[in-house]
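Working notes, beginning with the structure itself.
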Amino acid sequence: MTDPHQIPAALRSLSLRPLFAMNVAVGTIHAPGGPRGTEMRVGDVTGGHFSGDRLSGIIQPGGTDWQTLRDDGTILLDARIVLQTEDGASIAMQYEGIRRGHPEVMARLAAGEPVDPADYYFRTMPRFTTAAPRYRWLNDILAVGTGHRLPHGPVYQIFEIL
């Protein structure tokens, strides 16, 4: 077993750099269901926008947000969207995530009621793919995000892991 004090300081924590804030508009929710504990629903992403110091733009319509509803009320996310930057570049963004909280908090979220984001856990792990020369650096980073569920769709703050 390695002594934690022998691990170099640079490996003991993560540094984050804000990448962008993102508002996702979700339209129709399809509920195909499934076996108890693995029920599925799929949200159509109808648009949205993102803004940050290094890239900003819109979310193209046509993305999807696949969700698995577990028995304990936790929601697992698997979303795929296309970002279009202000200068016309296309960037595929795929993210997995988890949203969980006390049953009464999750029920209020499901009912579209306002809930403080500090009252539940909502985190994502985005990955990016693009051929646009100006944004190729996105292909080589890892990112994390925090989320907040609003009635029209989620709001995220996305961070690059340094």
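Quick note: the coordinates plus some simple rules give every number you see, no bench work behind them. Since this is a predicted model, take the numbers as computed values, not measurements. Note: ideal-geometry Cβ built from the backbone for every residue, glycine included; neighbour counts use all protein chains shown.
Go through L142, A131, T46 and say which Cα lies farthest out towards the positive end of the charge dipole of the chain; charges sit on Cβ, +1 for Lys and Arg, -1 for Asp and Glu.
Comparing the listed Cα positions along the dipole, A131 ranks first.
Which distance in Å, rounded to a whole number, links the C-alpha centroids of region 138-162 and region 97-132?
What the calculation gives is 11 Å, centre to centre.
Which whole-number percent gives the relative contact order of the chain, counting Cα pairs below 8 Å spaced six or more residues apart? Kindly include the intermediate steps, with their values, before the conclusion.
On the way: 373 pairs, mean separation 34.6, N = 162.
That works out to 21 percent.
With the cut-off at 1.5 for a/c, could you classify region 1-87 from its C-alpha gyration tensor as rounded, prolate or oblate? List each step's numbers first, then the result.
On the way: a/c = 4.26, a/b = 1.26, b/c = 3.38.
Oblate.
Given 0.36 nm per residue, what is the gain on full extension from D140 to T28 after removing their alpha carbon distance, in nm?
The span from D140 to T28 would gain 37.0 nm if fully extended.
For Y121 and S15 in the same chain, what is the full-extension length gain: residue separation times 0.36 nm, less their Cα-Cα distance, in nm? Before the final figure, lay out the partial values.
On the way: separation 106, 0.36 × 106 = 38.16 nm, distance 2.02 nm.
Gain on stretching Y121 to S15: 36.1 nm.
log10 I(q)/I(0), Debye, Cα-only the chain, no solvent, q = 0.16 Å⁻¹?
These q points yield log10 I(q)/I(0) values of -0.94.
Between the DSSP loop rule and a limit of at most 16 other Cβ atoms within 10 Å, which trypsin sites (Lys or Arg not before Pro) in region 1-90 are left?
Counting only loop positions with at most 16 other Cβ atoms within 10 Å, the trypsin sites (Lys or Arg not before Pro) in region 1-90 are R12, R36, R54, R70.
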